[in-house]
């Protein structure tokens, strides 16, 4: 199934982090296009995913 594909799982988690833990949706609502909004929040998304990869469970 699709859930067995690590790339699909990572993409789904990344999208979830982008939408829940950043201001991505707010940026879209202000008229910024999707690509630019993704670029603006990518650093925060990477920080969160890297923190989780290191085993930490609490974010600031």
Listed residues 31, 43; which is over 8 Å from the mean Cα position of the chain (by Cα) and at positive phi?
31
Can you work out which of the residues in segment 30-53 that are within 17 Å of residue 11 (Cβ to Cβ) and at pLDDT below 95 is surrounded by the most Cβ atoms within 10 Å (Cβ to Cβ)?
48
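The values are calculated or read from the model by the stated rules, or taken from the named source; none is laboratory data. Everything quoted here is computed from the prediction, not taken from an experiment. Note that each Cβ is placed from the backbone with ideal geometry, even for glycine, and that neighbours are counted across all protein chains shown.
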